[in-house]
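Novice: I have a structure I would like to understand better, so I am pasting it below and will then ask my questions one at a time.
Just so it is clear, none of the values below were taken in a lab; they were calculated from the coordinates. These numbers come from a predicted model, not from an experiment. FYI the Cβ positions are ideal-geometry reconstructions off the backbone, even for glycines, and counts take in every protein chain you see.
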Amino acid sequence: MRIAAVDLFQVDLPVKGGVYRLSGGREYTSYDATIVRITTDCGMQGWGESTPFGATYVAAHAGGTRAALDLLAPALIGMDPRHHDRIWDAMRATLRGHRDARTALDVACWDIAAQAAGLPLCDMLGGRIPGPLPVISSIGGDTPEAMRAKVAAHRSEGFKGHSIKIGAQEVEGGPALDAERIRACLADRQPGEWYLADANNGLSPEHALRMQALLPDGPDFVLEAPCATWRETQSLRARCSVPLLLDELIQTEADLIQAIVNDSCDGVGLKVSKQGGITPMIRQRTIAASAGMVMSIQDTVGSEISCATILHIAQSTPRHLLRCALDTRAMIDITVAHLDAPVVNGGVEAPTLPGLGITPDLSVLGSPIESYGARP
Ligand SMILES: [Mg+2]
């Protein structure tokens, strides 16, 4: 089996609720998605996606994703899509870095490989672990009472895990506002619930330590991605009593190994298009599991294609180390593909169809904006 053609599609994913706010005054109203379709010489098709979280999250943006795909896609024509490590080698030999762009091609190859084997993707990634996956809710930065109300709304839908966005600038209220946000969100805490306070790299160690000092009763939460650099993170780690989960700082296998060697964190957020696709995700999953790290299986953002990818990886991740899966569908206001994986009582299961188990809606995707190779 050989890759005959690669088609790129572009679609805007509007933010559900209108606007999403992160630390440092970052706001997002829409995400620019790049969808890839790979067609093989025998007519099989696989789909992949890369949707950077705007241009100010990690070092990736949608224009760059497509520019990188313009180099990467032609390099894969004629290769066997089931040879995942060789596909990865070919992409590395073509273009340094740009894991966001590699992701869409890597995922489409895995979709084909699993369809060719007649298996749902999770059964190619170590095997399905039965049972619903815990889905995390995401609470954007707002006033403490508004965030408390959003936690209550998610609780009524059955969610057990809540990701609270923090990182107020000093003029907005700084560490005191962030401490109040955490206190408010945990105020109605129920048994079995867990909380992440996610700063998306927006805190200085000083900010984080001041916030901690304002929470002397030690509420039970995990601090996610507090600082933008390793120096700041290690400085905070040495003086912070709250468990740390790192996200944006860990993209490559080398980053993860560095975090383990330096004991920088207790968990890691693995995001499909941040790590570079399924091939590096499962390498990093093995490394993280070997170190006893808890994992959040996520993506930066994305459509049903991204969501299905997350669900298959999470469904095959050892349950005692799986902190959560992210339902990217809850972040956007558009349906790009059919995905039969409803969220019930805060839990969801990967589909049982072969491959990713998605059916893209071509009336939403439109015509390809770029094509490489020739479809049979
Ligand atoms: Mg995060």
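Novice: What is the distance in Å between the Cα centroid of region 246-298 and that of region 207-238?
Specialist: Centre-to-centre (Cα) distance: 20 Å.
Novice: Which is farthest toward the positive dipole end of region 240-343 among Ser290, Thr309, Ala330, measuring Cα position about the Cα centre, with Cβ charges +1 (Lys, Arg) and -1 (Asp, Glu)?
Specialist: Value computed over the given set: Ser290.
Novice: Now a separate question. So for Lys16, Lys150, fewest C-beta neighbours within 10 Å to most, what's the order?
Specialist: Ranked by crowding around the Cβ, least crowded first: Lys16, Lys150.
Novice: Compute the Cα gyration tensor for region 123-358, then decide on rounded, prolate or oblate, letting a ≥ b ≥ c be the square roots of its eigenvalues: rounded whenever a/c is under 1.5, prolate when a/b is larger than b/c in the other cases, and oblate in all that remain.
Specialist: oblate
Novice: Name the most mobile residue of Leu322, Leu215, Leu270, meaning the one with the largest mean-square fluctuation, in a Gaussian network model of the chain with Cα contacts below 10 Å.
Specialist: Leu215
Novice: With a 10 Å Cβ neighbour count serving as the proxy for reagent exposure, in which order, fewest first, do Thr286, Thr233, Thr65 appear?
Specialist: Thr286, Thr233, Thr65
Novice: Estimate the FRET efficiency between Ala152 and Thr335 by the formula 1/(1 + (r/R0)^6), using the beta-carbon distance for r and 25 Å for R0, to the nearest 0.05.
Specialist: 0.40
Novice: A further question follows. If the elastic network links every pair of Cα atoms under 10 Å, which of Cys324, Cys240, Cys265 fluctuates the most in the Gaussian network model of the chain?
Specialist: Fluctuation is largest for Cys240.
Novice: May I pose another question? How much of the DSSP beta bridge set in region 123-358 is antiparallel, as a percent to the nearest 5?
Specialist: So the antiparallel bridges amount to about 15 percent of the total.
Novice: Still on this model: Starting from the Cα of Ala289, step 7 Å along the direction of its Cβ; do the same at Asp220; then give the gap between the two resulting points in nm.
Specialist: With each label placed 7 Å out from Cα toward Cβ, I get 2.6 nm.
Novice: How would you rank Glu49, Glu27, going from fewest to most other Cβ atoms within 10 Å of each one's own Cβ?
Specialist: Glu27, Glu49
Novice: Does region 88-213 come out rounded, prolate or oblate by the C-alpha gyration tensor, with a ≥ b ≥ c the root eigenvalues, rounded set by a/c under 1.5 and, if not, prolate when a/b is larger than b/c and oblate if not?
Specialist: Oblate, because a/c is 1.5 or more while a/b does not exceed b/c.
Novice: Can I ask one more? Compute a Gaussian network model of the chain, connecting alpha carbons closer than 10 Å, and tell me which residue from Ala146, Ala33, Ala108 fluctuates the most.
Specialist: Most flexible of the set in this elastic network: Ala146.
Novice: Which residues' amide hydrogens lie under 5 Å from the amide hydrogen of Ser163, considering only partners 5 or more residues apart or on another chain, with H built in the peptide plane?
Specialist: Hits under the 5 Å cutoff: Ser137, Ser138, Ile139, Leu196.
Novice: Need the C-alpha centroid separation for region 127-158 versus region 108-123, integer Å.
Specialist: Region 127-158 and region 108-123 have Cα centres separated by 30 Å.
Novice: Can I ask one more? Can you give the % of DSSP beta bridges in region 101-216 that are antiparallel, to the nearest 5?
Specialist: Of all bridge pairs located within region 101-216, approximately 0 percent are antiparallel.
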